[in-house]
1. So which residues in segment 43-57 are assigned to a loop (DSSP other than H, G, I, E, B), open to solvent by 70 Å² or more (accessible area, probe 1.4 Å) and either touching a Gly at 6+ places or on another chain (Cβ under 9 Å) or free of Cβ contacts under 8 Å to residues at least 24 places away in the same chain (or both), if there are any at all?
2. Which pairs have Cβ atoms under 6 Å, sit 6 or more apart or on different chains, and link a residue in segment 3-30 that is open to solvent by less than 20 Å² (accessible area, probe 1.4 Å) to one that is in a loop (DSSP other than H, G, I, E, B) and of a type in the set (Ser, Thr, Tyr)?
3. Filter segment 58-78 down to residues that are at pLDDT below 90 and surrounded by fewer than 15 Cβ atoms within 10 Å (Cβ to Cβ) and give me whichever is farthest from Trp29 (Cα to Cα).
4. Using the structure shown, decide if Phe160 is assigned to a helix (DSSP H, G or I), open to solvent by less than 30 Å² (accessible area, probe 1.4 Å), modelled with pLDDT under 95 and over 17 Å from Tyr10 (Cα atoms).
5. Mind telling me which of the residues Ile244, Ile191, Ile233 ends up being closer than 30 Å to Leu79 by Cβ and in contact (Cβ under 8 Å) with a residue 12 or more places away in the chain?
6. If I ask for residues that are part of a helix (DSSP H, G or I), under 15 Å from the mean Cα position of the chain (by Cα) and among the small types (Gly, Ala, Ser), which ones from segment 77-92 would you list?
7. Among the numbered criteria (1) within 18 Å of Gly77 (Cα to Cα); (2) part of a loop (DSSP other than H, G, I, E, B), which one does Asp60 miss?
8. Of the residues Val154, Val95, Val149, Val125, which single one is of a type outside the set (Phe, Trp, Tyr), part of a loop (DSSP other than H, G, I, E, B) and crowded, with 16+ Cβ neighbours inside 10 Å?
Amino acid sequence: MDSITEYTSYRKYIKDFYEDEKRKGKFTWRKFASLAGYSSPVFLKLVCDGTGNLGDSAIDNVAKAMGLAGFEREYFGLLVLLDRTESNTEKAHIVEELKQLASKHRAKVLDGDAFDYFKDWKNPVLREIAAAMPTSTANEMADMCLQKVTVGEVKDSLAFMMKNQLLQKDVEGYHMTNQTLTSSSGGPAPIAIREMHRQMGTFALDSLDSVPIDERDVSGLTLGVSEKSFAQIKDELARFRKKILAIAMAGGETERVYRLNLQFFPMSKKLK
């Protein structure tokens, strides 16, 4: 079974622990629950299914039942906290705690690099600028950003992307690699992506006043849809994003870095 630092969901870890023990011998949900101090033989199964939750008082007992101690017990407790926290800002703080705890014990958090990449708008923007201006300095890249960024932040971003093979540098300068950062469902990266959407949404609002109309395109629709139409529209938006990416990749050398926000969200409750 993988180390707990390979997990971003405590429910998935409990389920995998159960499946691993079951393969070794006669291990049931009843026995597992008993080891953790539960009278209900199926409670931990309900937790894994998402219909039950661990309270603070149960964390130690469940961790002990799975043989977790020391930093692994602390890591498990943080995963439980991550699951129950609704605030995106607080989730981001917990992810940082997970990474620091794992790093201290020479372990690696699954999706940790993806989290670092997506949590700040500077990384994808500077990646495009560096590839388009391969021999430019950090100071020149900072000057090219419409949003305020320091030279030190540019250097940190470039160093991070080269470390994770998102950028390469040789005698001819910077080059964008084909390497992409992916994330598991429900892991740290989606938390960071939500923050990036928030940052980019703010920039989009600012552009209404700061960017000439002939250098931007902002439009929208307000419409009533059925659940079926909603699903079809989401699929169509996904195809549209792929088409836009293909157009950009076939369009020759980069002359400017743009951000495309696609926002499709409800403006009413479900109508009776």
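The values are calculated or read from the model by the stated rules, or taken from the named source; none is laboratory data. What you see is a predicted model; the values in this text were computed from it and never measured. Quick reminder, even Gly has a Cβ in these numbers, built from the backbone with ideal geometry, and neighbours come from all protein chains shown. The protein model used for the area step is the full one, side chains on, heavy atoms only, and it has no ligands, DNA or RNA in it. Shrake-Rupley method; radii C 1.70, N 1.55, O 1.52, S 1.80 Å.
1. Pass one, segment 43-57, residues assigned to a loop (DSSP other than H, G, I, E, B): 50-55.
Checking which are open to solvent by 70 Å² or more (accessible area, probe 1.4 Å) leaves us with 51, 53.
Matches in segment 43-57: Thr51 only.
2. The qualifying pairs are Tyr13/Tyr7.
3. Step by step, filter segment 58-78, then rank; the result is Gly70.
4. Numbers: assigned to a helix (DSSP H, G or I): yes; open to solvent by less than 30 Å² (accessible area, probe 1.4 Å): no; modelled with pLDDT under 95: yes; over 17 Å from Tyr10 (Cα atoms): yes.
The answer is no for Phe160.
5. Numbers: Ile244 fails: closer than 30 Å to Leu79 by Cβ; Ile233 fails: closer than 30 Å to Leu79 by Cβ.
It is Ile191.
6. Ala92
7. (2)
8. Details: Val154 fails: part of a loop (DSSP other than H, G, I, E, B); Val95 fails: part of a loop (DSSP other than H, G, I, E, B); Val125 fails: part of a loop (DSSP other than H, G, I, E, B).
Result of the check over Val154, Val95, Val149, Val125: Val149.
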